[in-house]
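Notes to accompany the following structure.
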Amino acid sequence: MGAPMCQCLLTAGYELTVWNRSQGKARGLESSGATVAETPVDAVRDAEILITMLKDGPVVEEVVFEQGVAEALRPGVIHIDMSSIGLDEAVEHASRHAIRGIGYLDAPVSGGTKGATSGELAIMAGGDADTFQSMIPVFEAMGRPTHVAPVGCGQLSKLANQVIVAVTIGAVSEAFILADAGGANCGSVREALKGGFASSRILSEHGLRMVERNFEPGGPAKFQVKDLVNALKAAERLNLDLPITKLLHRLFNDMVESGGADLDHSALITHLEKVSGSDH
């Protein structure tokens, strides 16, 4: 995700310094005008805006707060964390930055690598409204930004997105298993349903993956599990019970533990085929 997002920023004319644990991935951006830093601290020394796109909350904690990045930021810098992390983690990071005069927006995204490459990500931002307004041109280089409420609400929006994605993948998977078992052509079923009330982007894009059995990861199943864990943690904090989310978490987790961690999350259909007794 990070590399195509950086490419969009460079195309929009932003001066960009990049760092990645795997230097080779960062070096690929040099030809587009990016400066590659040797360390994360080197990357932020003269920064006006810091954008992080990392695996999860603990990694953001390590890079930003344990490797000296936060201390290297000048007062007035804005940290935009576009990673998908926990609600509590986002709130804590914002508080720690505020002590040093650093602005913060939690702004996770949806749209996958396809959306990142085309600059069409859905960006859900939590934080101060004025700070968000000042960052709109940056966001618009990468996609469509929406300010959803105070700090942490960007992450809540992303968790809501991931709940809908997980449940819909499960629904499309079971629908195809049912149709296939009765002798229907799933590709034709997909085309028929796209024109009706069940139409969705999941049916269109992930449904095609299921029909073609193409499970090269756009969104790996292990990240879907991470997001569902964070959604359930947020629900617990808010004294909510989400039974459907709990079920999908268990199904995705079983898929990951049975060897499907690095498959696309649409590959849940392969796990459900085994559970249902399908002979696909």
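Annotations for the structure displayed:
- Using the Cβ-Cβ distance between Q67 and I244 with R0 set to 45 Å, the FRET efficiency from 1/(1 + (r/R0)^6) comes to roughly 0.70.
- In terms of its alpha-carbon gyration tensor, segment 38-102 comes out oblate; a/c meets the 1.5 threshold, while b/c is at least as large as a/b.
- When the Gaussian network model of the chain links Cα atoms closer than 10 Å, the mean-square fluctuations of D130, D254, D227 top out at D130.
- Each of L208, L54 was scored by other Cβ atoms within 10 Å of its Cβ. Listed from fewest to most, they are L208, L54.
- With only Cα atoms counted, segment 52-136 has Rg and Dmax values of 12.8, 37 Å.
- Measuring max minus min along each principal axis, the C-alpha atoms of segment 153-210 give extents of 44, 20, 19 Å (largest first).
- Computed from the C-beta positions of I164 and A98 and an R0 of 25 Å, the FRET efficiency is 0.20 to the nearest 0.05.
- Stretching the chain fully between R201 and I136 yields a gain of 20.8 nm (0.36 nm per residue, less the alpha carbon separation).
- Taking the C-alpha atoms of segment 2-150, convex hull volume expressed per residue in Å³: 99
- Size descriptor for segment 156-276, Kirkwood hydrodynamic radius: 14.6 Å (Cα pairs only, one decimal).
- Pair T39, R237: separation of 7 Å Cα→Cβ label points (nm): 3.2
- In a DSSP loop and with at most 11 other Cβ atoms within 10 Å, the trypsin sites (Lys or Arg not before Pro) in segment 143-218 are R213.
- Among the lysines of the chain, pairs at least eight places apart or on separate chains and with Cα atoms under 22 Å apart come to 22.
- Projecting the alpha carbon convex hull of segment 103-195 along each direction and taking the average yields 7.2 nm².
- Histogram of C-alpha separations across segment 1-78, 5 Å bin width, %: 3, 16, 26, 28, 19, 8, 1
- Relative intensity, log₁₀ I(q)/I(0), of the chain from a Debye sum that treats every alpha carbon as a point, q = 0.11, 0.14, 0.15 Å⁻¹: -0.67, -1.02, -1.14
- Between K25 and V229, the modelled labels are 1.9 nm apart [label points 7 Å from Cα along Cα→Cβ].
- For the chain, size of Cβ-based charge dipole, Lys and Arg +1, Asp and Glu -1, in debye: 380
All of the numbers you see were taken from the coordinates with simple rules; none came from a lab. As the structure is a prediction and not an experimental result, all values here were calculated from the model. Heads up, the Cβs are rebuilt from the backbone with ideal geometry, glycines too, and the neighbour counts pull from every protein chain shown.
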